[in-house]
Structures are given as structure tokens and as C-alpha cells.
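Below: one structure, written as C-alpha cells.
Bear in mind these aren't lab numbers, they're just calculated from the coordinates by the rules spelled out. In this text, all values refer to a predicted model and were calculated from it rather than measured experimentally. Positions of Cβ are backbone-derived with ideal geometry, glycine not excepted, and every protein chain shown enters the neighbour counts.
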Amino acid sequence: MKIQKLFAGLSICVAALFCLLQTGEAFAQNKSNEKISPMPKLLSLREQMTVREAWLKKRFETMLLPMMRKHNVSMWIVTNEEFHSDAVTESIVPPIPIVGRRDFFIFADNGKTLDRYAVVRYSEERLKNHYTLLSPARDKTAETIKKIVVENNPKTIALNMGGGRGQSDGITFDAYKFLAESLGKDYESRFVSGGKLIADYLDTRLPEELEHYRNAVLATDVLTRRAFSNEVVTPGATTVGDVRWWLLQQVNNLGLTVWFQPDLRVQRQAKTNSTAQQFLEVADENIILERGDLIHVDFGLNYMGLSTDWQKHAYILKRDEKDAPVGLKNALKNTNLLQDALFKFARVGMTGAEVYEQTMAQMKRENVEAMIYSHPLGTQGHGLGASIDFRKSIGGAEERFRLGSYMAIELNTSTVVPEWNNQKVTIMAEDDAVMTEKGFEFIRPRQTELYLIR
């Protein structure tokens, strides 16, 4: 009996020790997650509709008419094709589907105020909150549009063409042809590019959008940190595809969408990374994440009609490591140095080219190998507005920064890492920022330490 009690006591002790070890292991696995913020409370669809309609109302009543006059636009016509929506449409209507065969949204400067007409196939009550709604029979559409144009007799009619980017070149050949034939050669001669107006409209943010955008960026941050932790990554077992699809599933669970698929890159000691268009190539989904890997993610989501863009790094510790190699940590410091330089120079009213030249000159003085490819965001992940980019041909280099606009501070530095036999490592960062009177301000704190995966 005593022996049985002794064994029973030993069993309890062993079980308790096992539980303690499990708890300790769980703590170690979650240690890198200690600073992860809780997921923000996101609005329901109905709540989002209310807020976004208020934004749209303010844009129409306070912003659009002055912008049209600034760009010498008397009338702006946006055409939307079923299954081929114009990129501008979602920014000029409430967040509802627009599914008519071909719908028209017409903005007319009447000399005092802005008249707004929606010539649509299907009546929608929320459109009535913002437009004079017209739903003519299909064979009367041309007549209806011409009546509006003739009554206003605009000097210029802006169409979504000639802007050089997808957001500003949405009109189709057939839609242009329809308007030209419906209005006649006199009014066709008044057609002008709406490119500059569209850039101004899409790149101008309302102050009240910022609190909701902060939540969008926070959600992006939280999911990224969770993805780059032992919650998702088991060294030697988890693949690049596992992480990618975990992120996509989490976004779907939140009722949100992504505007591009999450991309991962893996840098590994004694392994040369191939490049694509001067950037490190994206890793194949079947690559298994191993101890000693430096991993990177590029990830963004859509919430409240606004897009985020986010790039971060994690290091997978080897079994005998408690921290990342000093050389990798110094590489991240160089990227932080590049961010500091860009923030030092960028101000409202400057062009992207000016900021690029001054920042790169600073990096040359610091002897840091750097690349900058920062871009505007907001209604689209790759938005219209000023860009700070080594590829000046992509557009935006001569655009000037607008107060309150959002920017993806996207850049990288390459640094020799002694612990990796002087192999060069690239640290790519992307953080969402807002332009203030004092320059750019990060929406969320930037990454200054590598996330650690145990």
C-alpha cells in the first residue's frame, strides 16, 4: 500500500512538472507576442455605411466644386460599366454595388453650386441621398444625358482618360463613343482629361477618416505580428504558403478583403536570393521555414474604402540562440536610418523628386546602400499623388504632397552581415504614414526590432 501511495505521489509530481514545463514552453513560444496589441473593434457593415455616407456628403458639399474650378472643369462625367467598374466609382457613390449595364454620374458647376445627377439603370435609395436620380428607359439614356449637358452648356467636360494611371483612365472606348455620338461634335470638342481632378480628389483625405484608418493599420499590424510568431510558424514544418493562407483566412474571417495577395521573402545564410525587377524575388509557397531564416512579409487589407500596405521582418531563432545576430539587427538599424532621413526632408508642398534626391544624398553621406519606392495610398493601395521612387517613370515624382494624405513609406537598405560570412542582407520596410504640418507621421510605431520566432 505504501509503495502504491509512493508511486501515486510520484505520478502527481511528474504530471505537475509536465504541466509546468508545458506552461513554460507556451510562455516561451508566446514571448515574442507580448507586445501585440488587441485587434481593434471594427464597425459593422451598417455602421460603415453611415460613416462613409457622411464622408461622401462632405466631399461633395465642400471639396469637389473647388477642385473642379481649380482644374478648369465645368462638368465631370463618370461612366461605369457592369462587370468593368471604373476605379473612381467607389469613391463617388455609397458603398453599394453598381450593376447597371452602363451608368453615368454627372457633376455640373451651375455657377453657384454643384449639381449632381445619377443616370442609372436601377434605382437605389442611397444614391438619392447624394444625387438627382434618373432612371430612363434604355433607349432614352442618350436623350437624358444630352438634356443635362445642353442645359448646363459646360465649357469643358472632363472624362476619366489621359491620366496615365488605371484610376484616372477608366472610360471604355465604347462609353466614349456613346457619349460622343449622343452629345454631338460640338460637345465632344469640349472633352478634356479628368486626370488632374481625379488625382486631387482621390489623394485628398478628410480629417475624420484618420481614426478609422488607424484601426485598419492596427488590424494589419496585429495580423502580421501573429503570422510572424509561433502561433503560426513552427520551424521546420510551416511553409511560406501556410503563412500566406493563414493571413488570407484571417482577413476573410474579419469580413474584410485584401488588395493583393500577401508576399513572403526568405533570406537564408549561404543562399543567394534571386531578384525580379531589382527587388528580392517572392518565395515559392512550398518553401519550408527553417531556423536561422530571416523572413519578410508584404501585406495589406481594405477597410472603410481605405487600403493599407505593410512590410515587416522576423528572425527564426536557432536552438541555441536567444536573439537575432547583431549583424541582422544592425541591418534593420540602417533601414530605420533611411526612414529618419526621409522624414527629415519630406514636407507639404514638396515634390516626391525633391524628397528622393535629398534623402538619397543623406544616405550617400552615411555610406548606406539604399532604395526608395514609396507611394501614395488611401482609396487604392497604389494611389494617385506624390511618390518618392527611384523609378521616376512610374509617375508622381513631380506631384506635391498634400496635407493629410496617406503614404506608404516603402524602402530598403542592404547591409553586409559578419555572422553570415559577410553575406549582404536586405531589410525591406513599409509603414503607413500621414502627412502633417510637421511632415510625415507614422500611423503605427515602425519596426525597430526583429520579431523573434522560437
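Observations on the model:
- Neighbour cut-off at most 15 other Cβ (10 Å), DSSP loop, GluC sites (Glu not before Pro), segment 32-90: E34, E82
- Residues V266, V243 in ascending order of nearby Cβ atoms (within 10 Å, fewest first): V266, V243.
- Residue-span extension gain [L254 to K424] - 0.36 nm each, minus C-alpha spacing: 57.4 nm
- Which labelled figure in [x] 23, 54, 23, 0; [y] 24, 50, 24, 1; [z] 22, 46, 24, 6, 1, 0 is P(r) over Cα pairs in 20 Å bins from 0, in percent, once derived from the coordinates: [z]
- Residue order, fewest to most beta carbons within 10 Å, for M75, M304, M407, M49: M49, M304, M75, M407
- Measuring between their Cα centroids, segment 48-86 and segment 183-200 lie 15 Å from each other.
- Cα shape, segment 206-453, gyration tensor, a/c 1.5 rule: oblate
- Cα gyration tensor category, rounded, prolate or oblate, for segment 46-203 with a/c compared to 1.5: rounded
- Positive end of the dipole of segment 130-256 (Cβ unit charges, origin at the Cα centre): among I198, G164, T132, the Cα lying farthest that way belongs to G164.
- Stretchable slack from N336 to T275, in nm (0.36 nm times residue separation minus alpha-carbon distance): 19.7 nm
- Inter-label distance for E441 and E366, nm, one decimal - labels placed 7 Å from Cα along Cα-to-Cβ: 2.3
- Centre separation in Å (Cα based) which lies between segment 430-451 and segment 116-152: 44
- Exposure proxy ranking for D293, D323, D139, based on other Cβ atoms within 10 angstrom of each Cβ and starting from the fewest, stands as D139, D323, D293.
- Shape category assigned to segment 256-374 from the gyration tensor of Cα positions, a/c cut at 1.5: oblate
- Rounded to the nearest 20 debye, the dipole magnitude of the chain is 660 debye, with +1 charges on Lys and Arg beta carbons, -1 on Asp and Glu beta carbons, and the Cα centre as origin.
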